[in-house]
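Working notes for the structure below.
Nothing in this text is a laboratory measurement; each read-out follows from the coordinates by a stated rule. Everything quoted here is computed from the prediction, not taken from an experiment. Neighbour counts are summed over all protein chains in view; Cβ atoms, including those assigned to glycine, are modelled from backbone coordinates with ideal geometry.
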Amino acid sequence: MSLKVNTMAEATAEGIKPEVLFWVGCAGSYDARAQKVTKAFASILEKCGVSFAILGNEEQCTGDPARRAGNEFVFQMLAIQNIQTLNMYEVKNIVTACPHCFNTLKNEYPALGGHYDVVHHTTFLQSLLDSGRLTIEGGAWKGKKITYHDSCYLGRVNDVYEAPRKLLESLEVELLEMKRCKTKGLCCGAGGAQMFKEDEPGDKRINIERAEEIVGMQVETVAANCPFCLTMLSDGMKAQDKQDDVMVYDISEMILQSNIISKQ
Amino acid sequence: MGIQQVLFLLVLSVTAYLAYRHYHRVYKNIFLGKPKTINDRPSERWKNVLLVAFGQKKMFKNMIPAVFHLFIYIAFLFTQVELIEIIIDGIFGQHRIFSGVLGGWYTLLINLIEILSFLALVATFIFLYRRNLLKIPRFVKSELNGWPRLDANIILFGEILLVTGIFTMNGADGLLQKLDPGHYPDTGVLFLSNAFGEMFLTNMTQDSLMTLERAGWWLHFLVVCGFILYLPFSKHFHIFLAFPNVYFAKLRPRGEMENMPAIMNEVKNMFGLPVEAENNPDVEPNLDFGAKDIFDLSWKNILDAYSCTECGRCTAVCPANLTGKKLSPRKILMDIRDRATEVGKNIDSGDLTFFNGEKPDGTSDFYKKHYQDGKNLFDYISREEIHACTTCNACVEACPVLIDPLEPILELRRYEILSESAGPPDWVPMFTAMENGGSVWQMSDEREKWRTEI
């Protein structure tokens, strides 16, 4: 498979106005696991005939972990530069596969002068599905027992619970909900810049607590929507030696694994 | 004027005077916090008051306590009618003044109050059981040791006394209506208290019944007065503060942290960008960012703290707390309240050494600049606690009265990082990578390299 992903700079040079900017984020750009999600999502966009571009090397961290760690200076420095870049390209629509980027772009950039229509990739995929641009044949996932892990920043913080579930429904999986789901979803342990530091002293790591709950569901896959959740849950499975029993996937990867009827 | 009337007026005025002093003190403590204007979207705010405060919407995520709490709450609301009657009767030396005015409605109303009081009594025993015997996890956390646990039980015992007062008074009254209809107007059939009277009070003489009726009446009134005076020292203050607290609760998106215009403008200047004047309201050139004490928190954060009834729904869902970390959102609120109370007490002591000898002008700004007692919020809240937060918002979601435990945690983090240049050392490489490379990790690859590998 070969796929050409344009940067905004390239698209602008070619006189193309992409319908959406794909905000990749640090994890999506650099983390080996999250890169797979980036590539999967880009492939789906391509297959559905969505014209998109990335900022590429002009993209910087949204500043979310710095802000939540308390470092407003670093946050403002990055946010203001990003807003300058986005405004320079007159970006209107943004889609991202990272709920933290999503939250910051959507809820925090407006106060700094960055006003965009921002959606999470699950919402974007659902709208493709609704408009008929994306057609999925269950196939690979039909009848499989899976559970879904709500990330805090997509679910509780931004009230997006339905889009990811609609996508899973379209894969014809057997979705088993955990007791702690939706508004009661348990954090994977990465938020608030915890991803980048050692845990405070305690009895257990948070991702282990969650991974144990998932293992208790007797499912073969847990669907996630966040690169940090992916890492945390995968580590949690490994810690219990369950990495071969319960697979941890982003929903876009699951969609790509099923049969997408190409519009091209 | 009878002796009872004199006594009643005396108790009533002393209670009113003391209540004014205690309530006013809490009011002043709340406004030790930073000024903050909250007046946007009033219709949404009233809707919240209606649904969340009056309607207890968020309580119903947890059915068992919600239903029993509802019994006590509705009993509390309706009993106010009886309380108003008691006050009017007490002042004017009357007996059951509403019975003549309301007629059949009075019978209905008192029956309703009695049924609700009975349900409230059942709820009270269940709550005592849940707290002291069943030991529900959120009720046995260490931050409740000592006074908070006693406080909860005192209120429940107070509730038992209140209901006892009502049934003693009404039970005796029902029998007296037959013995002395001239003095005891007919209330109609009151099912519960009449049954109570028939069961326990029938062998009593008229005199003892009259004494008992008075005893019940006074017990109820005195416990109410005690309650009013006790509330400002108790977690139970939520019965009043829940309403304003819900009204003033944050409406902007949960995921939006309060912007810091001073820093934003400095960064904009650094990049040579224009700074809008309206975004720059009276920003002082001070380098104290975030919060180290209650003066740096907004008054709403302190109102949150006084509105907290220590139910622990936040702590029960906190992922850090669930996995044995020290952080408990409830404790953060309790600490803020206790610190505000401590500072308020010191300010009221009139000892000018708390202000370096300066004369206070009563503004929060003055106290922020001059108040010192050698302590701050970090003497109550440890670094370990604030470092354990994942900002997952589970605590925010869980609170039935829309308290936001997350904001003060993040303000403390801001102080630590921005004003002290301290914080978890693990974060330093992350900040450096972000500042220098625009990414959370220090990477040698180009950010867009992945696109060449598809």
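Quick check on my link table: of A:K17/A:K47; A:K204/B:K57; A:K106/A:K242; B:K47/B:K250, which ones sit more than 25 Å apart, alpha carbon to alpha carbon?
Beyond 25 Å: A:K204/B:K57; A:K106/A:K242.
Taking every DSSP beta bridge that has both residues in the protein assembly as shown, what percent is antiparallel when rounded to the nearest 5?
15
I need the helices of chain B that pass two filters: whole DSSP H segments spanning 20 Å or more by Cα along the axis, and mean Kyte-Doolittle score no lower than 0.5.
B:3-30, B:63-92, B:104-132, B:147-179, B:206-230
What share of all Cα pairs of the range B:4-92, in percent, falls into each consecutive 10 Å distance bin?
13, 22, 32, 27, 6
Under 1.5 on a/c is rounded, so check that first for the range A:1-109, then, if it is not, pick prolate when a/b is larger than b/c and oblate when it is not; a ≥ b ≥ c are the square roots of the alpha carbon gyration tensor eigenvalues.
oblate
Taking the Cβ-Cβ separation of B:F243 and A:E90 as r and a Förster radius of 41 Å, what is the calculated FRET efficiency to the nearest 0.05?
0.30
Please state, as a whole number in µm²/s, the translational diffusion coefficient that the Stokes-Einstein equation yields for the range A:136-261 at 20 °C and 1.002 mPa s, with Rh defined as the Kirkwood radius across alpha carbon pairs.
145
For the pair B:D379 and A:K145, what calculated FRET efficiency results from E = 1/(1 + (r/R0)^6), where r is the Cβ-Cβ distance and R0 = 56 Å, to the nearest 0.05?
With R0 = 56 Å, the Cβ-Cβ based efficiency is 0.65.
Which loop GluC sites (Glu not before Pro) in the range B:43-88, with loop taken from DSSP, have no more than 11 other Cβ atoms within 10 angstrom of their Cβ?
Here no GluC sites (Glu not before Pro) fit, given the DSSP loop and packing criteria.
Multiply the residue gap between B:I74 and B:F157 by 0.36 nm, knock off their C-alpha separation, and tell me the result in nm, one decimal place.
28.1 nm
In Å, what Kirkwood hydrodynamic radius results for the range B:228-275 from the alpha-carbon pair distances?
14.5
In the range B:278-423, if the dipole is taken from +1 on Lys/Arg beta carbons and -1 on Asp/Glu beta carbons about the Cα centre, which of B:L410, B:N376, B:N393 is farthest to the positive end?
Comparing the listed Cα positions along the dipole, B:N393 ranks first.
Report the calculated FRET efficiency for A:K182 and B:I115 (r = Cβ-Cβ distance, R0 = 35 Å), to the nearest 0.05.
The calculated FRET efficiency here is 0.45.
Once you average over the residues of A:123-130, how many Cβ atoms of partner chains fall within 10 Å of each Cβ?
0
Which length gain, in nm to one decimal place, applies between B:T363 and B:S142 when the Cα-Cα distance is subtracted from 0.36 nm times their residue separation?
76.0 nm is the gain from fully extending B:T363 to B:S142.
Give the average, rounded to an integer, of partner chain Cβ atoms located within 10 angstrom of each Cβ in A:51-59.
Mean shielding by partner chains, rounded to a whole number: 3.
Determine the percent antiparallel among the DSSP beta bridges restricted to the range A:136-261, to the nearest 5.
About 20 percent, rounded to the nearest 5.
How do the peptides A:123-129, A:150-156, A:17-23 rank, highest first, by the average count of neighbouring beta carbon atoms within 10 Å per residue?
Highest to lowest by the protection proxy: A:150-156, A:123-129, A:17-23.
What pairs from A:K184/B:K326; B:K135/B:K326; A:K4/A:K197; A:K166/A:K238; B:K28/B:K58; A:K92/B:K300 go past 27 Å between their alpha carbons?
A:K4/A:K197; A:K166/A:K238; B:K28/B:K58; A:K92/B:K300
What aspartates and glutamates could a cross-link reach from A:K144, if we take a straight Cα to Cα line under 14 Å and drop same-chain neighbours fewer than 8 places away?
A:E169, A:E172, A:E174, A:E177, A:E220, A:D245
Under a Cβ-only charge scheme (Lys and Arg +1, Asp and Glu -1), can you give me the dipole magnitude of chain A about the Cα centre, in debye to the nearest 20?
Dipole magnitude for chain A comes out near 280 debye.
Given Cβ point charges of +1 (Lys, Arg) and -1 (Asp, Glu) and nothing else, what value in debye, to the nearest 20, does the dipole of the range A:8-126 about its Cα centre take?
In debye, rounded to 20, the range A:8-126 gives about 360.
Amide H of A:M247 versus every other amide H placed in the peptide plane: which residues, excluding those fewer than 5 positions away on the same chain, fall under 5 Å?
When sequence neighbours closer than 5 places are left aside, the close amide H contacts are A:T221, A:V222.
Subtracting the Cα-Cα distance from 0.36 nm times the residue separation, let me have the gained length for B:V81 to B:T353 in nm, one decimal.
Stretched out fully, the B:V81 to B:T353 stretch lengthens by 93.1 nm.
Would chain A count as rounded, prolate or oblate if I go by the C-alpha gyration tensor, calling it rounded below 1.5 in a/c and otherwise prolate when a/b exceeds b/c, oblate otherwise?
Oblate shape, in that a/c is at least 1.5 and b/c is the bigger or equal ratio.
Quick one: which residues, 5 or more positions from A:N259 or on another chain, have an amide H under 5 Å from its amide H? H modelled 1.01 Å from N in the peptide plane, none for Pro or chain starts.
Those qualifying (amide H under 5 Å, at least 5 residues apart or on another chain) are A:E137, A:A140.
What translational diffusion coefficient, in µm²/s and rounded to a whole number, does the Stokes-Einstein relation yield for chain B at 4 °C and a viscosity of 1.567 mPa s, taking the hydrodynamic radius as the Kirkwood radius over Cα pairs?
D = 51 µm²/s.
Percent antiparallel among DSSP beta bridges with both residues in chain A, to the nearest 5?
Given both bridge residues lie in chain A, the antiparallel proportion sits at roughly 15 percent.
Kindly provide the helix-only [θ] at 222 nm of chain B, computed as the sum of -39,500 (n - 2.57) over DSSP H runs of four or more divided by all residues, to the nearest 500 deg cm²/dmol?
Helices in chain B give a 222 nm mean residue ellipticity of -18500 deg cm²/dmol.
What whole number of Å gives the distance from the Cα centroid of the range A:122-137 to the Cα centroid of the range B:299-367?
When both Cα centres are located, 49 Å separates them.
I need the fraction of alpha carbon pairs in the protein assembly as shown separated by more than 39 Å, rounded to a whole percent.
That fraction is 45 percent.
So for the range B:278-423, taking the charge dipole from beta-carbon charges (+1 Lys/Arg, -1 Asp/Glu), which of B:L333, B:S298, B:G362 sits furthest toward the positive end?
B:L333
Connecting C-alpha atoms closer than 10 Å in a GNM of chain A, tell me which of A:E59, A:E198, A:E90 has the biggest fluctuation.
A:E198
Quick check on chain A: helices-only [θ] at 222 nm, where DSSP H runs of length 4 and up contribute -39,500 (n - 2.57) each and the sum goes over total residues. Nearest 500, please.
Helices in chain A give a 222 nm mean residue ellipticity of -11500 deg cm²/dmol.
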